[in-house]
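**Q** Okay, here's the structure, questions in a sec.
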Amino acid sequence: MITTPTFAATFVQAARLLATHLTEHGLPQPVSLEVISTAHRSRLTAQVHFVNVPRIAAELLVWADTLTTVTVQAWRPPSGDRVHLSIASALRGPAGIMELTIFGGADHDPALLGDLAPGEHRAVTLSDLRTWAADTSHRLTDGEG
């Protein structure tokens, strides 16, 4: 007989919690969702549409407004031509607490992100996301990288 430990949700419970959160808060539809549930933890990951830094920042802010505590990060992969923005938080449900990461990637924009070096991870603030989301020097249409 297989039992589910009280400190981790089943795959279905984790997926249901994320689907409920998306629906209840009218969040933008993610490009991809990943649900990982093991005996020791449950992790949910959603990727937002990747267009440019201002658009990703705006979508992350929409998510952040639905969560109680978030950690924001910028990461520039070693290849150096892209940047990933992410927020990390947790969702609480009847089955327990599940780690939540929301992210998006776009072309690195030194005018907005400054001297973020290839391979560097940097903590950023919600205020930084608001500044980037308000940037009007970039078109916010789909299809632009």
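The values are calculated or read from the model by the stated rules, or taken from the named source; none is laboratory data. In this text, all values refer to a predicted model and were calculated from it rather than measured experimentally. Ideal geometry is used to build each Cβ from the backbone, glycine not excepted, and the neighbour counts take in all protein chains shown.
**Q** Go through segment 33-61 and report how many residues are at pLDDT 90 or above, over 11 Å from the mean Cα position of the chain (by Cα) and among the small types (Gly, Ala, Ser).
**A** 1
**Q** When the residues of segment 111-124 are filtered to those that are hydrophobic (A, V, I, L, M, F, W, C) and in a loop (DSSP other than H, G, I, E, B), which remaining residue is farthest from Leu61 (Cα to Cα)?
**A** Ranking the qualifying residues of segment 111-124, first place goes to Ala117.
**Q** Okay, next question. Output the number of residues of segment 73-110 satisfying the condition of being surrounded by fewer than 19 Cβ atoms within 10 Å (Cβ to Cβ) and not in a strand (DSSP E or B).
**A** Residues flagged as surrounded by fewer than 19 Cβ atoms within 10 Å (Cβ to Cβ) and not in a strand (DSSP E or B) within segment 73-110 amount to 8.
**Q** Can I ask one more? Looking at segment 15-34, I want the residues that are without any contact (Cβ under 8 Å) to a residue 40 or more places away in the chain and have a partner that is in a helix (DSSP H, G or I) and surrounded by 12 or more Cβ atoms within 10 Å (Cβ to Cβ) with Cβ atoms under 7 Å, at least 6 apart or on another chain. Which pairs are those?
**A** As it stands, the answer is Leu27/Val62; Leu27/Trp63; Pro28/Glu59; Pro28/Val62; Leu33/Leu18, since those pairs meet every condition given.
**Q** Limited to segment 13-61, what total is found for residues that are outside any strand (DSSP E or B), surrounded by fewer than 20 Cβ atoms within 10 Å (Cβ to Cβ) and among the acidic types (Asp, Glu)?
**A** Total meeting the criteria: 1.
**Q** Something else: Hey, any hits in segment 133-143 for a residue that's in contact (Cβ under 8 Å) with a residue 60 or more places away in the chain, of a type in the set (Asp, Glu) and either closer than 20 Å to Val31 by Cβ or out of contact with any Pro (no Cβ under 9 Å at 6 or more places or on another chain) (or both)?
**A** yes
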